[in-house]
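These notes concern the structure reproduced below.
The values are calculated or read from the model by the stated rules, or taken from the named source; none is laboratory data. Computed from a prediction, not measured in an experiment: that's the story for all the values here. Neighbour counts are summed over all protein chains in view; Cβ atoms, including those assigned to glycine, are modelled from backbone coordinates with ideal geometry.
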Ligand SMILES: [Zn+2]
């Protein structure tokens with residue numbers, strides 16, 4: 001008898017945006033506490049998850065994105081690498097199924113430098129996982145994670161890095177192998193053929209989304225506008241202890257939600273469930289996600 005499967009096929013998902021090829025590559029998932037959510041009780045947020053048949057406490061998907069455009073290959077975010085839960089750090093294994101070698105990636109674009117996005121930059125020995133890639137991010141992101149004042153403020157307040165100050169040395173260690181090939185930009189800059197950086201500050205000071213536009217089509221990779229879709233989509237005021245500036249993060253989320261619902265934009269997110277592409281519509285006082293249907297041909 002044929003053995004029944006014990007593991008899913010590699011988690012990659014292809015899509016086109018005009019002439020640009022987009023491939024979602026899963027890094028796996030992280031399980032975490034509900035207590036990090038703010039502006040909502042643990043009881044209420046847990047009940048919201050149970051009501052839509054999701055595990056409690058939360059399970060957070062991690063998505064990275066490959067963009068092939070103009071003969072070049074970019075990777076947006078690098079997942080959790082080797083330093084977090086064993087359910088994460090799957091980027092390179094899944095990337096292998098795309099046929100793209102890490103050495104073929106010429107551009108890395110970071111939404112921000114939190115460990116579940118940037119820990120996949122450097123090997124345990126401090127080398128570069130992506131030996132030929134330039135590392136791009138918003139200038140305010142690098143400035144924040146290399147600021148002694150910011151690190152001291154987080155140590156004092158606890159907001160932004162709830163497990164202590166270790167995020168600062170982690171971020172610096174991850175970007176170190178790319179120090180001589182770093183490219184900093186501001187919001188509105190075209191950072192790759194057909195890709196524009198969108199500054200969405202609040203979660204972190206330099207947090208960015210990336211808008212892909214080609215051939216009359218577009219798709220916005222909105223980064224960490226949402227961490228827990230079942231809660232923050234209907235209740236955009238719910239913030240998270242990892243937000244450096246929670247009030248600004250909530251205001252940015254409302255602004256982006258309003259924009260993509262009004263424009264009926266295709267969106268994708270790092271923490272939307274794989275493959276993480278959807279539309280957002282208004283519902284009551286909040287919003288609702290409509291995940292995209294499977295398409296066999298591109
Ligand atoms: Zn994140």
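Points to keep in mind about this one:
- Those residues of the range 143-164 which are closer than 17 Å to residue 177 by Cα and crowded, with 19+ Cβ neighbours inside 10 Å, in sequence order: 145
- Here 179, 171 are screened, and the one residue that is touching a helix residue (DSSP H, G or I) at 6+ places or on another chain (Cβ under 6 Å) and outside any loop (DSSP other than H, G, I, E, B) is 171.
- Verdict on residue 75 being assigned to a strand (DSSP E or B) and either modelled with pLDDT of 95 or more or farther than 27 Å from residue 170 by Cα (or both): yes
- Residue tally, condition surrounded by 15 or more Cβ atoms within 10 Å (Cβ to Cβ) and at positive phi, over the range 40-83: 3
- Residue count for the range 102-160 satisfying the condition of being assigned to a loop (DSSP other than H, G, I, E, B), without any contact (Cβ under 8 Å) to a residue 60 or more places away in the chain, within 16 Å of the ligand (Cβ to nearest atom) and within 24 Å of residue 246 (Cα to Cα): 1.
- Residue that is nearest to residue 191 (Cα to Cα), among those in the range 86-101 that are within 15 Å of the ligand (Cβ to nearest atom) and part of a loop (DSSP other than H, G, I, E, B): 89
- Among residues of the range 204-216 being in contact (Cβ under 8 Å) with a residue 40 or more places away in the chain and in a strand (DSSP E or B), the one that is farthest from residue 19 (Cα to Cα) is 208.
- Search result, residues across the range 21-69 that are assigned to a helix (DSSP H, G or I) and either under 20 Å from residue 203 (Cα atoms) or within 16 Å of the ligand (Cβ to nearest atom) (or both): 45
- Test set (1) in contact with a helix residue (DSSP H, G or I) (Cβ under 8 Å, 6 or more places away or on another chain); (2) in a loop (DSSP other than H, G, I, E, B); (3) under 15 Å from residue 109 (Cα atoms); (4) more than 15 Å from the ligand (Cβ to nearest atom) - residue 188 fails condition number: (1)
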